[in-house]
Amino acid sequence: MSKNNTMSQNPIGVMDSGIGGISVLKHIHAQLPHEALTYFADSRYAPYGNRSPQEIQQRCFATADFLIAQQVKAIVVACNTATAAAITEMRARYSLPIIGMEPAVKPAAAASQNGIVGVLATVGTLKSAQFAALLESYGRNVKVVTQGCVGLVECIERGELHAAYTRDLIRQYTAPLLAEGADTIVLGCTHYPFVRTVIEDIVGKHVTLIDTGAAVAKQLHHKLTEQQLLTDSSDTPHITFYTNSQQPEAAAVIETLWGQAAQVQLLL
Ligand code: DGL
């Protein structure tokens, strides 16, 4: 099969309810350094974690339509909550490759020494049928303790990574997992890697933290290879961020999380 030349030079679209998916974008850029990337933060509607699956599906359709209008060749749903609520409907609606993600229960179960795994995620993810199926498949031989982290995504959206309030929430949400003896904790929301050092500080170095960003980038690489969609460019790629956030500091928070100067387009 010949390479799909026209499409292969197009950007990869990456979407999240907000800026959490930038934690996944970093892994994608590290593994696919020449791919152009177009990121969409649906921050005006964040958090998704407390919304109904139907509302999340509508937001995912709106976001995917926007990315497809930017000519993306594939979409990464860099959000556990959106994947659980909408990936099936998105795949039925669009023909381009769509890569989703789910909390890392499988690798956590394999990594745990004492068989007790904690999962930090949004209420939406934990309530979903997909999460129940994940536990059924990979959580049978371990004890899985889950904790919904209401309010934590909002702290990260505001860029308050090290604020006392953020720290208090993390202490509150990790306490039940530690009380059960979890030696491995899954960061089941793409926002949480941005407070990884705070979590580590609170739970201690003997607890292993696991997230899915690198695995998602690997899966994307595999999918693009299979579909003949990898770029053959060796140039420095364009990386563009779009956000519909109404916070005045939105662009600055994106630059902080991305870790370097970023081209950010504010959508009104
Ligand atoms: N970043 C998202 C996730 O991975 C969701 C955050 C939210 O909007 O609730 O689940």
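Things worth noting here:
- Those helices (runs of 4 or more DSSP H) of the stretch 140-231 in which at least 3 residues are in contact (Cβ under 8 Å) with a residue 24 or more places away in the chain and within 29 Å of ILE98 (Cβ to Cβ), considering only elements entirely within it, cover 152-157, 213-226.
- Within the stretch 52-64, residues that are without any contact (Cβ under 8 Å) to a residue 40 or more places away in the chain sit with their Cβ atoms under 7 Å from residues that are surrounded by 15 or more Cβ atoms within 10 Å (Cβ to Cβ), at 6+ positions apart or across chains, in these pairs: GLN57/ALA85; GLN57/ALA86; GLN57/GLU89.
- Near pairs, Cβ below 6 angstrom, 6+ apart or cross-chain, from the stretch 67-88 (touching a residue at least 12 places away in the same chain (Cβ under 8 Å) and more than 20 Å from ALA46 (Cβ to Cβ)) to any residue that is assigned to a helix (DSSP H, G or I) and away from the ligand (no atom under 16 Å from the Cβ): LYS73/MET7
- Count of residues meeting criterion [part of a loop (DSSP other than H, G, I, E, B) and under 17 Å from MET15 (Cα atoms)] in the stretch 232-263: 4
- Of the residues in the stretch 135-145, not one is within 16 Å of the ligand (Cβ to nearest atom) and more than 16 Å from the chain's Cα centre (by Cα).
- LEU161 meets all of the listed conditions (1) within 16 Å of the ligand (Cβ to nearest atom); (2) surrounded by 19 or more Cβ atoms within 10 Å (Cβ to Cβ); (3) within 21 Å of ARG196 (Cβ to Cβ) but one, namely (2).
- Only one of THR88, THR83 that is at pLDDT 95 or above and away from the ligand (no atom under 14 Å from the Cβ): THR88
- Total residues in the stretch 35-75 satisfying the condition of being among the β-branched types (Val, Ile, Thr) and in contact with an Asp or Glu (Cβ under 9 Å, 6 or more places away or on another chain): the figure is 1.
- Near pairs, Cβ below 8 angstrom, 6+ apart or cross-chain, from the stretch 120-139 (touching a residue at least 12 places away in the same chain (Cβ under 8 Å)) to any residue that is away from the ligand (no atom under 16 Å from the Cβ) and in a helix (DSSP H, G or I): LEU120/THR174; LEU120/LEU177; LEU134/LYS106; SER137/LYS106; TYR138/LYS106; TYR138/ALA109; GLY139/ALA109
- Selection of the stretch 146-158 for residues being within 20 Å of LYS127 (Cα to Cα) and more than 12 Å from the ligand (Cβ to nearest atom) yields THR146, GLN147.
- Residues in the stretch 6-55 that are under 17 Å from TYR242 (Cβ atoms), surrounded by fewer than 19 Cβ atoms within 10 Å (Cβ to Cβ) and within 10 Å of the ligand (Cβ to nearest atom): TYR45 only.
- Residue in the stretch 174-190 that is under 20 Å from LYS26 (Cα atoms), away from the ligand (no atom under 16 Å from the Cβ) and either basic (Lys, Arg) or surrounded by fewer than 19 Cβ atoms within 10 Å (Cβ to Cβ) (or both) present: no
The values are calculated or read from the model by the stated rules, or taken from the named source; none is laboratory data. For clarity, every value in this text was computed on a predicted model and none was experimentally measured. Note: ideal-geometry Cβ built from the backbone for every residue, glycine included; neighbour counts use all protein chains shown.
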